[in-house]
Every structure is written in structure tokens, then in C-alpha cells.
Amino acid sequence: MLSNYKFMRHLSNGCGHKFIDTSDLCTSEIQDILWTSLDLKARVKNHSFGKPLEGSRITMLCSCQSRSDNLLVQSALQTLGADVLFMLSSRWEQYKFKKDVGKFCSLYSDLVVAGGRNHNSLCQLTEGASVPVVNIASHKFAPLHALGVLMTLQEHFGRLNGLTLGWNFPASPLVLPAGKNFCKTFNTRIEACPDPLSTIAGVDVIGTSKHKKETQKLELHMFEGANKNWIFFHILPRWEGEVSEDVFNHQNSLVWTLHENIKYTLMAVVLRLLKTYRPTLVKPNFN
């Protein structure tokens, strides 16, 4: 459980040529992407958004891991007006020389959006590419999902600072030591919790994802220990043992808002990599 929601401090460096994990962004860049995401959402909802990437060619390396992610990416790129090219499905990771895949895609594309099981495969593809590469998700990083969470929290709470997040998922024993070392630098604390009740106690946000641990199932009565205006996230798809229907469909559940917002964060990242874009929305206060 995190005592402060300050993931933004982890995001440093220039976005320039790639977006394969959140460590490539600094605080001001993550805020600008969130600002752009909120602006794009408002403009699309108000039917005041054109096709800024009309004529651009974007290659999408589909991933068999998540059909929903593939649909989300296709929708985002088409909303921007880009021509979407499909290539190789998930088989691209089986190629020995993945740099060659990046070079090949660069011949026909202005940008590549890729997902895969192995994050190293994405890194190798990026090394070979001469155009920007955006990571849909890998086994190690899901940067678009992280941005979607931040965008949703900003919309709901009007701030990102000082929020507490509980994540209900049976994690590898390697995660906690690595997480604690990571948090020391960024004024953030992470704790291991023995059960869902402990995870939920005192949180503003509770999230979970697909797993088969029935003992970790979230029930509505457990949320009595959460902070008053708690919200719930789920990284879809879900199985029946993770969360009860009354939690998943609760008025405080922002599952569908989160997944809609991931689309806008992808749009913002792609747009910023290919065009100069200035939001018309007043910049939010993220503190």
C-alpha cells in the first residue's frame, strides 16, 4: 500500500524518439501528457476535434495477449485520423533479429505501436527503428495503463498528490524489495499487506487485475475500512474470483472510465511524438 501517490516523480527524461516505459518521462512531461489527454477527451466529446494525423502511417504490431488493448489502440489511432497498418501479429517476437523488424516497419511508417510478452524484444525493436515506438504493454511495463490511471485520478479527485493506493494482487516476492528501493528516492512508501482487508484500510483507490486467488476476492463490506470517497479500478479482463459484482458495478467503480481514458493517453502520446500540439483546456492543478 502506498502512503503517497507520487508515481509522477518516477517519470524522467525526454519523450523524443520512444515511449516504452514510464522512466522516459519527467514530471513536467507526464503532466503535459495528462493535460493533452484531458484536452483531447473534452474536444472529442464536444465534437470539436479534427483529424490531426490525417495522412500519417502508423504500424501496429498486434499482441495476442490482449484483444481489448488491440481494439483500444486501433480506435485511438483512427480517431486521430492516421492510416493504421497491421503487421505480423505477435509472431514478430519470434524473429531472431528484432532490430530488423524495427528497421522494416520504419520504411513504411511514421510511428510504430507495439506490444509483446518480452520487454527486451520491444527494446531491440526500438534500437532498430528510425521512427518513434510506443509500447502498448509488455510483461514489465504498461505505461499507457499507468497514464490512464493518473488521468482518471486527476479527473475524479482534481489532484494527484497525497492519494493512497492499495493494489490487491498476489505479487512475486521479488516485487516488494525492488519496490522499496525504488520508493526511497521518490518520497513514496510501499508496504506488503497480508490480506484484502489490510490492503483496503485507509486507501483512496483500490485496484486489482486478473488472478485466480479466491482468498483475495474483494467484497463490498471490505470497503468500510477505505477512505470515504474511495474508488475502484480493475485492469481488464477479469475472472470471477477477483471481485464481487456489487464492487465491480458500484457507483464508485471507475473501471470503464479508466479504460476509456487509456485511449486518450495513447492519443496524447502519439500526437506529441508526431506533431506540435497545444491544448486549449486550462492546465489542471496536479498538486
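The values are calculated or read from the model by the stated rules, or taken from the named source; none is laboratory data. None of the values given here were measured: they were computed from a predicted structure. Backbone-built Cβ (ideal geometry, glycine too); neighbour counts: all protein chains shown. To get the accessible areas, we keep the full protein, side chains included, count just its heavy atoms, and leave off ligands, DNA and RNA. Shrake-Rupley method; radii C 1.70, N 1.55, O 1.52, S 1.80 Å.
As a rough guide to protection, the peptides 195-207, 151-163 ranked by mean Cβ packing within 10 Å, highest first, stand as 195-207, 151-163.
Between Arg189 and Glu245, how high is the FRET efficiency from 1/(1 + (r/R0)^6) when r is the Cβ-Cβ distance and R₀ = 41 Å? Nearest 0.05. It comes out at approximately 0.80.
Note on Leu281 and Thr257: the model spin-label points, each 7 Å out from Cα along the C-beta direction, lie 1.3 nm apart.
Over all other residues within a Cβ to Cβ distance under 13 Å of Ser130, the charged ones net out to 0, with Lys and Arg as +1 and Asp and Glu as -1. The residues of the stretch 120-167 have, on average, 34 Å² of accessible surface per residue, using a 1.4 Å probe with all protein chains present. Working from label points 7 Å from Cα in the Cα-to-Cβ sense, the Glu214 to Glu127 distance is 4.7 nm. For the pair Leu236 and Asn118, the difference between a 0.36 nm per residue extended length and the Cα-Cα distance amounts to 40.5 nm. In order along the stretch 253-264, the Karplus-derived 3J(HN,Hα) couplings, from 6.51 cos²θ - 1.76 cosθ + 1.60 at θ = phi - 60°, round to 7, 10, 4, 6, 5, 4, 6, 5, 5, 4, 4, 6 Hz, and Gly and Pro are given as x.
Less than 5 angstrom separates the built amide H of Ser253 from those of Phe232, all sequence-distant by 5 or more or on a different chain. If R0 is 22 Å, the Cβ-Cβ spacing of Ala42 and His221 corresponds to a FRET efficiency of close to 0.05.
Taking R0 as 30 Å, what FRET efficiency do you get between Lys103 and Ser68 from their Cβ-Cβ distance, rounded to the nearest 0.05? So the FRET efficiency works out to roughly 0.50. Local charge sum around His211 (other residues, Cβ-Cβ under 10 Å, Lys/Arg +1, Asp/Glu -1)? The answer is +3.
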